[in-house]
Amino acid sequence: PHSASNAICWKAISSCIVAFIRCFYTSPKTMRLSTSTRAIMSVLSLFWACDVSGLSSTTAFSRLPSLETFDYTENNRLPWIESGYGTWKWNDEHDINYLEMGDPSKPALLLIHGFGASAYHFRYNIPELARDYHVFAFDKLGFGLSAKPILDYSAELWRDQTVDFIQNVIGKPVTVAGNSIGGFTALYTAATADQDLIKGCILLNAAGGFKDPQADQDAVAVVEEEKKNPIIESILAAIQRAVIAVSFVVTKQPARIQQVLKQVYPVNADNVDDELVESIQFPAQDPNAAEVFYRVIARNGNGANRPYVDDLLEKLNCPLLLCWGEYDPWIRPAAADRIQELYPASQRVSIDGGHCPHDENPAAVNQAISSFLQQVAA
């Protein structure tokens with residue numbers, strides 16, 4: 001196949017030739033040429049125009065060198081590239097793996113993965129959606145092929161990463177979509193970022209806690225009690241670290257990854273293949289991966305350090321789509337029911353799938369996203 005650079009160059013040259021022939025053909029001097037000569041020029045113009053049209057309609061490549069031979073109009077599945085797709089230097093400090101695909105003149109869509117996953121988890125969504133939209137995805141800091149610095153990981157950190165990515169890489173208003181904890185990041189971004197940046201928000205079985213007044217009172221009481229006994233605090237912290245460390249060693253094993261994924265792919269477990277497992281297992285070999293895993297779990301595991309979904313929905317001022325796998329064993333459909341109660345203007349599409357509907361039933365999710373984007377762009 002053509003490389004991206006060759007295709008673009010050839011298209012530019014062809015366009016110039018078409019313009020020259022047509023301009024020359026319609027000039028007053030040309031009108032004095034013989035009918036046969038003008039007929040030949042007309043055929044040439046048609047030939048070059050068809051060639052240009054053929055290139056633009058049947059061949060399309062990402063602007064990233066790693067994907068310059070991947071034609072997303074012909075392929076429905078993104079390739080797994082161990083070395084990454086493209087690199088964005090966030091805050092001149094952290095390397096963020098990202099990808100971009102689609103016509104820059106089309107509406108933008110940003111896909112945000114969930115816990116332990118990466119941009120590759122949207123392998124069946126990006127190529128198809130890129131045929132009609134300008135699609136982006138990145139690996140969150142600490143996940144996938146992005147950097148894994150030792151720092152405090154929080155919902156605010158990933159929200160800030162998302163906002164900066166929109167401003168510095170995408171550079172235009174975007175619809176944000178996310179799965180699981182990535183869905184929470186999408187909602188957090190859509191609710192708190194400059195409204196000029198966000199066109200819409202899509203939640204794919206998004207994580208996030210809801211307000212429970214009684215639970216809040218109980219939590220305060222427990223915290224006050226623990227503050228009185230720092231020895232217990234230190235013991236609990238040590239136990240937590242040990243448990244999470246053991247959990248990480250077990251969790252990063254390919255067989256365990258496959259087992260867990262199949263539990264949350266209840267409808268189409270066959271989509272849990274070796275490449276998907278590899279995309280999760282390979283980043284876990286990073287020297288800092290275990291410590292990052294501990295810090296993410298310790299700070300975010302119970303949701304205590306994140307804003308409530310209720311509060312974010314109060315601030316949200318854009319179209320919202322709930323694209324929900326109805327057989328999710330982790331985040332039940334009742335969560336989507338609650339979001340609909342709190343944000344009545346939201347739309348909902350039920351998907352025959354589990355916690356990762358975008359990868360388990362990509363055809364249905366792609367259709368739902370595309371329909372929503374058409375409404376948002378209207």
Any pair with Cβ under 7 angstrom, 6 or more apart, that starts in segment 332-356 at a residue that is part of a helix (DSSP H, G or I) and ends at one that is β-branched (Val, Ile, Thr): Ile339/Val309
Qualifying positions in segment 189-208 - open to solvent by 20 Å² or more (accessible area, probe 1.4 Å), in a helix (DSSP H, G or I) and not β-branched (Val, Ile, Thr): Gln195, Asp196, Leu197
The listed residue being of a type in the set (Val, Ile, Thr), modelled with pLDDT of 95 or more and not in a strand (DSSP E or B), out of Val163, Val135, Val176: Val163
Pair list, Cβ < 6 Å and 6+ apart or interchain, from segment 152-165 residues that are aliphatic (A, V, I, L, M) to residues that are open to solvent by 30 Å² or more (accessible area, probe 1.4 Å): Ala155/Arg306
Members of segment 119-129 that are surrounded by fewer than 24 Cβ atoms within 10 Å (Cβ to Cβ) and touching a Phe, Trp or Tyr at 6+ places or on another chain (Cβ under 9 Å): Arg123, Glu128
Positions within segment 74-122 being closer than 15 Å to Glu275 by Cα, of a type in the set (Phe, Trp, Tyr) and in a loop (DSSP other than H, G, I, E, B), in sequence order: Trp80
Scope segment 344-368; condition out of contact with any strand residue (DSSP E or B) (no Cβ under 6 Å at 6 or more places or on another chain) and more than 22 Å from Pro266 (Cα to Cα); matching residues: Pro344, Ala345
Pair list, Cβ under 8 Å, 6 or more apart: segment 62-78 residue under 15 Å from Arg123 (Cβ atoms) and open to solvent by 60 Å² or more (accessible area, probe 1.4 Å), other residue in a loop (DSSP other than H, G, I, E, B) and among the aromatic types (Phe, Trp, Tyr): Asn76/Tyr124; Arg77/Tyr124
Any pair with Cβ under 6 angstrom, 6 or more apart, that starts in segment 271-286 at a residue that is on the phi < 0 side of the Ramachandran plot and ends at one that is surrounded by fewer than 17 Cβ atoms within 10 Å (Cβ to Cβ): Val272/Lys262; Glu275/Trp80; Val277/Pro254; Ser279/Trp80; Gln281/Pro254
Selection status of Val163, open to solvent by 10 Å² or more (accessible area, probe 1.4 Å), at negative phi and not aromatic (Phe, Trp, Tyr): yes
Count of residues meeting criterion [surrounded by fewer than 22 Cβ atoms within 10 Å (Cβ to Cβ) and either among the aliphatic types (A, V, I, L, M) or closer than 18 Å to Leu373 by Cβ (or both)] in segment 142-154: 3
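The values are calculated or read from the model by the stated rules, or taken from the named source; none is laboratory data. Remember, predicted model here, so these are calculated numbers, not experimental data. Backbone-built Cβ (ideal geometry, glycine too); neighbour counts: all protein chains shown. Note: areas computed on protein heavy atoms with side chains; ligands, DNA, RNA excluded. Shrake-Rupley method; radii C 1.70, N 1.55, O 1.52, S 1.80 Å.
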